[in-house]
1. Compare the peptides 68-77, 29-38 by average per-residue count of other Cβ atoms within 10 angstrom and give them in order, highest first.
2. Using a cut-off of 12 Å between beta-carbons, work out the net charge of the residues near Phe68 (Lys and Arg +1, Asp and Glu -1, Phe68 not included).
3. Within segment 34-70, what residues put their amide N at less than 20 Å from the label point 7 Å along the Cα-to-Cβ vector of Arg85?
4. Expressed in nm², what is the orientationally averaged projection area of the convex hull enclosing the Cα positions of the chain?
5. Based on the alpha-carbon set only, what is the convex hull volume of segment 52-98 divided per residue, in Å³?
6. Report the local net charge at Thr84: Lys and Arg +1, Asp and Glu -1, summed over other residues whose C-beta lies under 13 Å from its C-beta.
7. In debye, nearest 20, what is the charge dipole magnitude of the chain about its Cα centre with +1 on Lys and Arg Cβ and -1 on Asp and Glu Cβ, if you could check?
Amino acid sequence: MNNHMHYGPGKKTLRSMNFICHAPQAKSVTLVGDFNGWNPNINRLKQLPDGGWLINIDLKHGHHRYAFLVDGVLTLDPRAQGITRNDQGERVSLVPVS
């Protein structure tokens with residue numbers, strides 16, 4: 001049994017999502033979540049001239065738990081659709097993708 005979601009014959013439905021973190025003093029910001037195994041080395045954000053940080057990633061349909069790591073500190077997204085908890089019981093952000 002595999003856990004891949006398929007729609008139609010062999011097709012995966014992905015949606016391009018922007019994640020923005022306002023942390024002008026930060027030296028590094030990464031995106032962690034259930035979509036990347038909470039790995040801080042996969043999705044690094046790029047700093048914008050206004051001090052914000054941006055990344056665009058493709059996510060599968062469903063609800064995804066995530067957070068920003070701002071200089072290594074787990075940080076909620078104030079723009080998130082909701083708040084939930086990760087497997088360690090920490091508060092994290094929630095994004096629905098449809």
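Bear in mind these aren't lab numbers, they're just calculated from the coordinates by the rules spelled out. These numbers were taken from a predicted model, which means no experiment stands behind them. Ideal geometry is used to build each Cβ from the backbone, glycine not excepted, and the neighbour counts take in all protein chains shown.
1. On the way: 68-77: 16.5, 29-38: 18.8.
Output ranking for 68-77, 29-38: 29-38, 68-77.
2. On the way: positive: Arg44, Arg79; negative: Asp71, Asp77.
Residues near Phe68 contribute 0 overall.
3. Answer for this model: 34-35, 38, 63-68.
4. Here the figure is 7.1 nm², rounded to one decimal.
5. On the way: hull volume 4.4 nm³, N = 47.
Roughly 93 Å³ of hull volume per residue.
6. On the way: positive: Arg65, Arg85, Arg91; negative: Asp34, Asp77, Asp87, Glu90.
Residues near Thr84 contribute -1 overall.
7. Values: 11 positive and 7 negative charges, 52 e Å.
Its charge dipole is roughly 240 debye.
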